[in-house]
Amino acid sequence: MSDGEVRLTRDGAMATIMFDRPQARNAMTWKMYEGLAAACAELRDDANVRAVVLRGAGGKAFVAGTDIGQFTQFTSPEDGVAYEAKMEAYLGALEALPMPTLCVIEGWAIGGGLAIAACCDLRIATPGSKFGVPIARTLGNCLSVANYARIVTAVGQARAKRMLMLAENLPAGDALAAGFLMEIVEPAALDRRIGEICERLQGNAPVTMRVTKEALRRLAQAGMPDGDDLVRACYGSEDFHTGVRAFVEKRTPHWRGR
């Protein structure tokens, strides 16, 4: 299967980052994460870009997580710590973009896809979209503390616990009620609504928006605790390796709690 790509395009003062691997619901490979980092690096100092839109190709998914086949190479807890640190570098680069970002979700925003969406400033979705991190059912791994914080900020602690512990995917209506989505938009009206939002953003004061973004980012990250011990506990567990093997082999894992 293709490693996919991340494409950066511009239309006047608007840029679009497209996750393009539709045959795998745009599940992220290392090549795609590196493409996201490259796009963010290119946009970071581009004063001509006033808004960035993030979308998934194919209309069926935004990003359906990280390609699980990559986890088969993990052999120690330190692999998990290194992975989460690497992920945080990619996500942090997106979160730190100085211009407003609009995430457009059509279908699945799962795992890494939900994390990417949570790093954006504004989010809209089509009615059938789903949001979740079903790792308690599928892989037996965990998230970084920063990503747990993003999910709690996105949907609130009660919904976050439901999403993470019951491994449930939240429907778009729940994401809207939580404030994670600003709107639910019918597919036929999506492009028009994207244009309206970007036009509004392009008419606002860039410095005010840049400073506001950075202030809110600093507030969200103030006092963030270290969580490497928690990451080691999950990625070093027998259950994690069981979960990865079961996922790749398309069978249900048998958890042993060790």
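Taken together, the values in this text are just the output of simple stated rules run on the coordinates, not laboratory data. This structure is a prediction, so every number in the text was calculated from the model and none was measured. Neighbour counts run over all protein chains shown; Cβ positions are idealised from the backbone, glycine included.
For the chain, list log₁₀ I(q)/I(0) at each q in 0.08, 0.10 Å⁻¹, using the Debye formula over Cα point scatterers of equal strength and ignoring solvent, two decimals each.
Here log10 of I(q) over I(0) equals -0.30, -0.47.
Lys and Arg at +1, Asp and Glu at -1: add these up for the other residues within a Cβ distance under 12 Å of VAL185 and post the number.
-2
So what is the relative contact order of the chain, in percent, for Cα pairs below 8 Å that sit 6 or more residues apart?
Relative contact order, the chain: 19 percent.
Using Cα positions and a limit of under 23 Å, work out the lysines in reach of LYS130, with same-chain residues fewer than 8 apart set aside.
Here the lysines satisfying the reach criterion relative to LYS130 are LYS60, LYS161, LYS250.
Please give me the summed charge of the neighbours of GLU34: other residues whose Cβ is under 11 Å from its Cβ, Lys and Arg +1, Asp and Glu -1.
Around GLU34, the surrounding residues sum to 0.
Suppose every Lys and Arg Cβ carries +1 and every Asp and Glu Cβ carries -1, with no other charges. What dipole size does region 162-233 come out with about its Cα centre, to the nearest 20 debye?
280 debye
Long-range amide H contacts for VAL185: which residues qualify at under 5 Å (H placed 1.01 Å from N, peptide plane, sequence gap of 5 or more or a different chain)?
ALA125, THR126
Distance between Cα centroids, region 125-150 to region 232-258: provide it in whole Å.
When both Cα centres are located, 17 Å separates them.
Taking the number of other C-beta atoms within 10 Å as the exposure measure, put SER76, SER129, SER237 in order starting with the fewest.
By the 10 Å Cβ count, ascending: SER76, SER237, SER129.
In the chain, which cysteines lack any other cysteine Cβ under 4.7 Å from their own?
Taking the Cβ cut-off of 4.7 Å, the unpaired cysteines of the chain are CYS40, CYS119, CYS198.
Which far-off residues, 5 or more places away or on another chain, put their amide H under 5 Å from the one on ALA51, with H placed in the peptide plane?
ALA15
THR16: net charge of surrounding residues, Cβ under 9 Å, Lys/Arg +1, Asp/Glu -1, itself excluded?
Surrounding charge for THR16 is +2.
Could you give the C-alpha radius of gyration of region 1-124 expressed as a fraction of 2.2 N^0.38 Å, taking N as the number of residues it contains?
1.02
Could you run the Karplus curve 6.51 cos²θ - 1.76 cosθ + 1.60 with θ = phi - 60° over region 7-23 and give me ³J(HN,Hα) per residue in whole Hz, x for Gly and Pro?
Result, rounded to whole Hz: 10, 10, 10, 10, 9, x, 8, 10, 10, 10, 9, 10, 8, 10, 8, x, 5.
To the nearest 20 debye, what charge dipole does the chain have about its Cα centre, counting +1 at the Cβ of each Lys and Arg and -1 at the Cβ of each Asp and Glu?
Value, rounded to 20: 540 debye.
Relative contact order, percent, of region 1-108 when contacts are C-alpha pairs under 8 Å separated by at least 6 residues?
Computed over region 1-108, the figure is 32 percent.
Please give the charge dipole size of region 1-144, origin at the Cα centre, charges +1 on K and R Cβ atoms and -1 on D and E Cβ atoms. Round to the nearest 20 debye.
The dipole of region 1-144 has a size of about 520 debye.
Just report the Cα centroid separation between region 79-113 and region 1-23, whole Å.
Taking the Cα centre of region 1-23 as reference, the centre of region 79-113 is 15 Å away.
Need one number: the % of Cα-Cα pairs in region 112-159 sitting beyond the 13 Å mark.
The answer is 62 percent, as a whole percent.
Quick one: which residues, 5+ away or cross-chain, put their amide H under 5 Å from the amide H of THR66? H built at 1.01 Å from N.
Hits under the 5 Å cutoff: MET28, GLY112, GLY113.
What are the ³J(HN,Hα) couplings of region 113-126, residue after residue, when phi is run through the Karplus curve with 6.51, -1.76, 1.60 and θ = phi - 60°? Round to Hz, x for glycine and proline.
Values, residue by residue: x, 5, 5, 4, 4, 5, 7, 8, 7, 10, 9, 10, 8, 7 Hz.
Hey, which lysines would be in cross-link range of LYS31, C-alpha to C-alpha under 16 Å, not counting anything within fewer than 8 residues on its own chain?
Qualifying lysines at Cα under 16 Å: LYS86.
Kindly work out what percent of the DSSP beta bridges joining two residues of the chain are antiparallel, to the nearest 5.
30 percent
Neighbouring Cβ atoms within 10 Å as the yardstick, rank ILE17, ILE194 fewest first.
ILE194, ILE17
Starting at the first residue of region 59-70, write each ³J(HN,Hα) from the Karplus equation 6.51 cos²θ - 1.76 cosθ + 1.60 with θ = phi - 60°, in whole Hz, x for Gly and Pro.
Result, ordered by residue: x, 9, 7, 6, 8, 8, x, 9, 4, 5, x, 5 Hz.
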